[in-house]
Amino acid sequence: MAKRQVEIDDTLQERVDMAVDEVEELLREYIKENEPISTPDLYSDLDYSGSVHEIIDTSVPIYTKEIDDTWYLYGNQLEEAYENAGIGTNPRENNGMVAIICYIEQEVADWYRQNADDIFDEMTEE
């Protein structure tokens, strides 16, 4: 029996971190420009022009190998995020990219819930 060793690039967390950094920057810009009286809502305020969805969409891998590698490493988490989004019955739709979008969006929303109030407070105390 022959053995093969395969190397897989694990890029999902890096992509989530990139999306989170961009959403944080968007939040900070929104607070500076609009001077809201409370923490802006991720979807109705920050995503009013589609900016949050654009950030998430551009964080998704486009090459088949990277998508397949991500599915190999995180298949269960991607399926769960897709199911939680309630958008369909095929998590591998569009070669699995939709589930990756759902996962990144879920992670960004979780980060936002945990950090947006602190950032708002920090910026409005100045």
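Listed here are the residues, each with its yes/no results for (1) in contact with a Phe, Trp or Tyr (Cβ under 6 Å, 6 or more places away or on another chain); (2) touching a residue at least 24 places away in the same chain (Cβ under 8 Å); (3) of a type outside the set (A, V, I, L, M).
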| residue | (1), (2), (3) |
| --- | --- |
| Tyr43 | no, no, yes |
| Tyr48 | no, no, yes |
| Val52 | no, yes, no |
| Val60 | no, yes, no |
| Glu66 | no, yes, yes |
| Thr70 | no, yes, yes |
| Glu80 | no, no, yes |
| Arg92 | no, no, yes |
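Can you report the number of residues in the stretch 11-20 which are surrounded by 12 or more Cβ atoms within 10 Å (Cβ to Cβ) and over 10 Å from the mean Cα position of the chain (by Cα)? Don't jump to the end; show me each part of the working.
Within the stretch 11-20, the first condition is being surrounded by 12 or more Cβ atoms within 10 Å (Cβ to Cβ), and the residues that meet it are 11-12, 15-20.
Still in the list and also over 10 Å from the mean Cα position of the chain (by Cα): 11.
Of the residues in the stretch 11-20, 1 are surrounded by 12 or more Cβ atoms within 10 Å (Cβ to Cβ) and over 10 Å from the mean Cα position of the chain (by Cα).
The rows are residues; the columns are (1) aliphatic (A, V, I, L, M); (2) at pLDDT 95 or above; (3) in a helix (DSSP H, G or I).
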site	(1), (2), (3)
Val52	yes, yes, yes
Lys65	no, no, yes
Trp71	no, yes, yes
Thr89	no, no, no
Val108	yes, yes, yes
Arg113	no, yes, yes
Out of Asp21, Asp10, Asp57, sole residue that is out of contact with any Lys or Arg (no Cβ under 7 Å at 6 or more places or on another chain) and either closer than 29 Å to Thr124 by Cβ or basic (Lys, Arg) (or both): Asp21
Flag if Val20 is closer than 22 Å to Asp9 by Cβ, in a helix (DSSP H, G or I) and aliphatic (A, V, I, L, M): yes
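The values are calculated or read from the model by the stated rules, or taken from the named source; none is laboratory data. In this text the structure is predicted, and so the values were computed from the model without any measurement. Glycine also receives a Cβ, built like all others from the backbone with ideal geometry; neighbour counts cover every protein chain displayed.
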